[in-house]
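Taking it in order: structure first as structure tokens, then the write-up.
The values are calculated or read from the model by the stated rules, or taken from the named source; none is laboratory data. Predicted, not measured: the structure shown is a model, and the values here were computed from it. Note that we place each Cβ from the backbone using ideal geometry, even for glycine, and neighbour counts take in every protein chain shown. Areas reflect the complete protein model, heavy atoms only, side chains present, ligands, DNA and RNA absent. Shrake-Rupley method; radii C 1.70, N 1.55, O 1.52, S 1.80 Å.
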Amino acid sequence: MSPTSYKQVVYAERPEPTIIPNKTFNVKTASLPTSLKPNEILVRAHYLSLDAAMRSWLTAKRSYVAPVEIGDVMRGSTIGQIHAVGTAIDTNKFKKGDWVVSMSGWAEYAVLTEKLVERLDVPEGCSPLDFMSVLGITGLTAYFGLEEIGHVKPGETVVVSGAAGATGSMAGQIAKIKGGRVIGIAGGKEKCDFLVSELGFDAAVDYKSPTWRQQLRELTPKYIDVYFDNVGGEILDACLARAARDSRFVMCGGISQYNTATPKGPTNILNVISQRITIKGFIVFDFAKKYNAGRKDLAKWLVEGKLKRKEHIVKGGIEQAPAALVDLYAGGNTGKMLVEIAPMSDALPGSSKL
Ligand SMILES: NC(=O)c1ccc[n+]([C@@H]2O[C@H](COP(=O)([O-])OP(=O)(O)OC[C@H]3O[C@@H](n4cnc5c(N)ncnc54)[C@H](OP(=O)(O)O)[C@@H]3O)[C@@H](O)[C@H]2O)c1
């Protein structure tokens, strides 16, 4: 029997500045509609992507997207299954049982218009869940940051921060494919071992070790040609100090500053001038028109075994999302962090499996 209500996580109170799961968010129950408008699609979410950028969506200031408003369902992208479509929806495009990626938010179900839903066209040898990591925003961010800004040349030294996270682990692997000598920076020995032994990085620096600056210096005797920054703060500053002449700094994110009331900039900024550094920020959406081409390369590398996927799946339903997001900022994940809203065993009977 179909349910009549579902759970959603609502933004309740601004974090000041740290997220407190049960204070920042509330779990609420909503009613499922008994009928859809002609242009609506009912999606049941199965896996929610947790992204570092979510913290910035909770702050009411100018950014690349509007902030989430207090009282709104928290914004988020999911993989889910269509449970019903309105009468005006072309069933050649969307039908009951199709797997889709959508901005359905932190909720078990969502009623969406067609524009917010993308049906999965899964490449041979890939899994639909890959659209939450390698073939989704994560992989595309790493791909276009390196393709459009990094321009890695064979033999160049590439340093990636946040290297064992979702975006960083993709960036490091792609830089290896491009022929770079890749050094990852991550928190803890276990993550550093993972980068070298499982993902094929050339070396890794544990930024939680008291000797990390020295390790970084020793591993970059010819300085850094490309730096892919996910964290900002002290690590960005240390990499600026090690920048090679004409190096490229790909400014992807600054997670070390997201939960601070007053984010700090680097002190070694004058090296940008003396070393002629190109330092450029980007938002993956800038390259939306090129996503298909990027996905083609990413899928090829995945199938060839040159790119490895790694997911960190938090089970227990949508109510786990607030605490899991806090855990993301604490480095609880290796690879892409997802929340399992509904297991695959709950998929509609007869539909293809993830
Ligand atoms: N520009 C874009 O379009 C775009 C798109 C997607 C993501 N991003 C950015 O990419 C970065 C990674 O995001 P993600 O969603 O893939 O998350 P993620 O890397 O999977 O997870 C975040 C990781 O950041 C590390 N971290 C947390 N606090 C840190 C600190 N103070 N210093 C150093 N590392 C710290 C943690 O790993 P450790 O255990 O190693 O600390 C944690 O696992 C973020 O900065 C995000 O904003 C940008």
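Exactly one residue out of Val284, Val250, Val314 is under 18 Å from Leu50 (Cβ atoms) and within 11 Å of the ligand (Cβ to nearest atom), and it is Val284. Filtering region 293-324 to residues that are part of a strand (DSSP E or B) and in contact with a helix residue (DSSP H, G or I) (Cβ under 6 Å, 6 or more places away or on another chain) leaves only Val314. Of the residues making up region 165-191, those that are farther than 22 Å from His151 by Cβ and either open to solvent by 10 Å² or more (accessible area, probe 1.4 Å) or in contact with a Lys or Arg (Cβ under 8 Å, 6 or more places away or on another chain) (or both) are Gly165, Ala166, Gly187, Gly188, Lys189, Glu190, Lys191. Evaluation of Thr260 against the conditions (1) at pLDDT 95 or above; (2) out of contact with any Gly (no Cβ under 8 Å at 6 or more places or on another chain) shows that the sole unmet condition is (1).
Across region 64-78, what is the total count of residues that are outside any strand (DSSP E or B) and either within 17 Å of the chain's Cα centre (by Cα) or among the β-branched types (Val, Ile, Thr) (or both)? Matching residues across region 64-78 total 8. Filtered by the rule that a residue be part of a loop (DSSP other than H, G, I, E, B) and farther than 13 Å from Lys61 by Cβ, region 263-272 gives Lys264, Gly265, Pro266, Thr267. Considering region 79-138, the qualifying strands (runs of 3 or more DSSP E), each wholly inside and each with 2 or more residues that are in the same structural domain as Pro21 (by TED's automatic domain parsing) and open to solvent by less than 60 Å² (accessible area, probe 1.4 Å), run over 99-102, 109-113. Any chance region 230-252 includes a residue that's farther than 22 Å from Gly150 by Cβ, within 23 Å of the chain's Cα centre (by Cα) and of a type in the set (Lys, Arg)? Within region 230-252 (the criterion being farther than 22 Å from Gly150 by Cβ, within 23 Å of the chain's Cα centre (by Cα) and of a type in the set (Lys, Arg)), the answer is no, since none of the residues qualifies.
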